Every structure is written in structure tokens, then in C-alpha cells.
Amino acid sequence: SQQGEEDPQALSIQEGENATMNCSYKTSINNLQWYRQNSGRGLVHLILIRSNEREKHSGRLRVTLDTSKKSSSLLITASRAADTASYFCANLKQSGGSYIPTFGRGTSLIVHP
Amino acid sequence: DTAVSQTPKYLVTQMGNDKSIKCEQNLGHDTMYWYKQDSKKFLKIMFSYNNKELIINETVPNRFSPKSPDKAHLNLHINSLELGDSAVYFCASSQVHPSYNEQFFGPGTRLTVL
């Protein structure tokens, strides 16, 4: 499986509900980042959580990190139709002397008004 | 002002042709990247340059040749295009490498090879 796997692959909810997306990774990390991609657009950085952090908040976003389980979750509270997008987690995979940014396949979120 | 820009936004071409995609960032970043996103939205890094020096080359066919004339520009030239090259190509930049900081992405170039 790919480094940085998000689940579920697709999530459909009603406006006002919370949306939770999960990400698993394989190697040790320095940080883990979440990105959002609207249809037909580039990715936009949402939040970065460092390996020594367990939880981080930004507005309606809450990210948790469990390095023992090599997993992270992104919670969007009180979702809005405008949150409809794909969400990706990303981390750095060490390869030789380089760090390779590695993205998952994303979770496609649809928020119905 | 656009932070990371790419041209063209759409590119439709025949198999066997050679094409280029240009990328520019005005953020003063040292590191730039090229990614390929397939039809299933899987985003895979292709190349990374730090201060005009190639630092990542992720087993990309040598038909793909990146060129960085200066640290604000990273262009991608593709020779002998194949059907499987059809995808969306994203350029990105970040302040430091390795990318401890966030990456800023361009709007993408949708390449269709017929």
C-alpha cells in the first residue's frame, strides 16, 4: 500500500455535521501535513503537525497525531458546503540522503447543503 | 499576485510530440517540485530542485527533463509523449528542503495525449 493512506476514500455528509478523515503512514516522520484540493485546482496547505505534537487546532479543523500507531486524523467540525473538496495527508519519506514528500490518495468529501 | 504559476493550464497534443510546461514562483523559495496526479487523484512527486540543483528524481522516465534556469523557475520538458503521460502536472515550492514547511502549489497543467 502507499505511504500516506487516507480513509475513507469518499465521505458524504450533511451541512453542519462533522467530518473525520484518517491517514496512516509507514515510516517515522518529522511532521505530517494536511492539504485540501478543490476540484480542478492545486493543493492548499491546511495544517502541519510535528512529530512531538499530539493535537493541533486551526479554526474548525482539528488534527491529531499518534506516532505509535503511525496515524493521523483530520476533523472538520460544523461542515459547510464549501468544505467539499479532496483532503490529502503528506509526510516526508527518507530515501538515502533526501526526504521525499509523499502524499496519500486523498479523501473525497462531499458536504450536502 | 499568484504565488506559484504554471503555463499552460491545458495542453492537448498527439503521441510522439515534445512539449514543455513552465513554472514560476514569486515567494522567494529555495525548493521547487514537480508532481504528477493521475485520474484517481494519486499525487506522486517526480522531481525536486533546491537552488537550481536537482535533489529528487523519483524514477521518472528520462523522456522527462526538468530545467531550473534560476531558483524561481522550474520547467518540465517531455519528449516523445505517450498516452500514459496524460495527467495533471503540479508545480510546487517550499521555503526549505526537506519540506519542513508547507508547500505552495500551482494551479496545475492538465495534459491530454491523444
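Mind running the shape call on the range A:30-107? Use the C-alpha gyration tensor, a ≥ b ≥ c as the square roots of the eigenvalues: rounded below 1.5 for a/c, prolate if a/b tops b/c, oblate otherwise. Since a/c reaches 1.5 but b/c is at least a/b, the shape of the range A:30-107 is classed as oblate.
Here the Gaussian network model covers chain A, with springs between Cα atoms less than 10 Å apart; of A:Asn91, A:Asn38, A:Asn52, A:Asn52 fluctuates the most. Within the assembled protein chains, the solvent-accessible surface assigned to A:Arg36 is about 50 Å², based on a 1.4 Å probe.
Each other residue within a Cβ distance under 13 Å of A:Ser108 adds +1 if Lys or Arg and -1 if Asp or Glu, for a net charge of +1. A Förster distance of 25 Å, applied to the separation of the beta-carbon atoms of A:Thr27 and B:Leu27, puts the FRET efficiency at 0.30.
Here the spin labels are modelled as points 7 Å beyond Cα on the Cα-Cβ line, and at A:Asn18 and A:Ala78 they lie 1.4 nm apart. Put simply, chains B and A cover up around 1900 Å² of each other's accessible surface, both sides summed, when a 1.4 Å probe is used. Each of A:His57, A:His45 has its accessible area taken with a 1.4 Å probe; listed largest first, they run A:His57, A:His45. In the protein assembly as shown, the inverse of the mean reciprocal separation of distinct Cα atoms equals 18.0 Å; this is its Kirkwood hydrodynamic radius.
Distance between the modelled labels on B:Asn17 and A:Asn52, one decimal in nanometres: 5.3 nm (7 Å Cα→Cβ projection).
Straight-line cross-link reach from B:Lys40 at under 26 Å between alpha-carbon atoms covers these lysines, not counting any fewer than eight positions away in the same chain: A:Lys26, A:Lys70, A:Lys93, B:Lys9, B:Lys19, B:Lys22. Entry comment: accessible area of the range B:4-113 is 46 Å² per residue, from protein heavy atoms only and a probe of 1.4 Å.
When both the range A:33-111 and the range B:1-50 are represented by their alpha-carbon centers, they are found 21 Å apart. The value obtained for chain B, namely the Cα convex hull volume divided by the number of residues, is 94 Å³ per residue. Partnerless cysteines in the protein assembly as shown, where a partner means another cysteine C-beta under 4.7 angstrom, do not occur.
The values are calculated or read from the model by the stated rules, or taken from the named source; none is laboratory data. On a predicted model such as this, the values are computed, not experimentally measured, just so you know. Neighbour counts run over all protein chains shown; Cβ positions are idealised from the backbone, glycine included. In case anyone asks, the SASA skips ligands and DNA or RNA and just uses the protein heavy atoms, side chains included. Shrake-Rupley method; radii C 1.70, N 1.55, O 1.52, S 1.80 Å.
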